[in-house]
Amino acid sequence: MLKRNSSRRESLRGKLEKANLVRAKVLDEVKFIRSWAQNPLRTGAVTPSGPDLAAKMASFLTPRPHARVVELGPGTGVVTKAILDRGFAHPQLSLIEYCPEFCALLASRFPGLTVMQGDAYALRETLGPASGLVEAGPEEPDALDGIVSSLPLLTRPEPVRRALLAEALELLKPGAPFIQFSYGLVAPVRPDSRAVSVHGSEWVWKNLPPARVWVYRKGH
């Protein structure tokens, strides 16, 4: 009898946990749709990135001691979670999010993580010298080991996209990745220098809509 009651409790607990996960996902999508309706050019996607796309983006990062990564446009934190699951500690990751509502959500969802409210298209200005991430010395002690972007680049003019990529690469160590997903068939930014390489992943078909991950690197 006790064993049967215990089994029922476990089953009920599992159902409640599943229901809470579904509820959280629905609430995230509602927040995303509301943000998109208020400013489609800022939000870009109608729903958050799926876990498979997030894991693919994080897979191009290499966890190392003292590595530092910046995420642009984290939204509800799907990619953020994938980066942390990849093996990065909270002090190694900083987030830049434009929407104040998402900033508050991220701060509550990932306590202790650095969340900066600001414009990722003005990357150096938003990070600011106080962050310790933009003032690289002769041996680049402050350079970044990766930038992960979920910004809706294709909603912006090409010169704006090029400027963002150029600024991001300036803040990255040579060979460190600038990671961007896109629903388009071609890279969202065409490198204007042979010193910059771009690699596209296979399609992530489980994401809605299907997407690819594009990885940019500057040469050594």
Note to self: Please go through segment 38-60 and give me each residue that is in contact with a helix residue (DSSP H, G or I) (Cβ under 6 Å, 6 or more places away or on another chain) and at pLDDT 95 or above, ordered by number.
What the structure shows: 54, 55, 57, 58
Next item on the list: Take segment 151-169 and flag every residue that is part of a loop (DSSP other than H, G, I, E, B) and touching a helix residue (DSSP H, G or I) at 6+ places or on another chain (Cβ under 9 Å).
Entry: 151, 152, 156
Margin query: Only one of 125, 139, 135 is at pLDDT below 95, open to solvent by 70 Å² or more (accessible area, probe 1.4 Å) and assigned to a helix (DSSP H, G or I). Can you tell me which?
Written below: 125
Check: Which one of these does residue 72 not meet: (1) open to solvent by less than 20 Å² (accessible area, probe 1.4 Å); (2) modelled with pLDDT under 95?
Finding: (2)
Checklist line | segment 172-220, subset among the aromatic types (Phe, Trp, Tyr) and not in a strand (DSSP E or B), residue least open to solvent (accessible area, probe 1.4 Å) | finding: 203
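The values are calculated or read from the model by the stated rules, or taken from the named source; none is laboratory data. These numbers were taken from a predicted model, which means no experiment stands behind them. Don't worry about glycine lacking a Cβ; one is built from the backbone with ideal geometry, like all the others, and counts go over all protein chains shown. Calculation scope for accessible area: heavy atoms of the full protein, side chains included, ligands and nucleic acids excluded. Shrake-Rupley method; radii C 1.70, N 1.55, O 1.52, S 1.80 Å.
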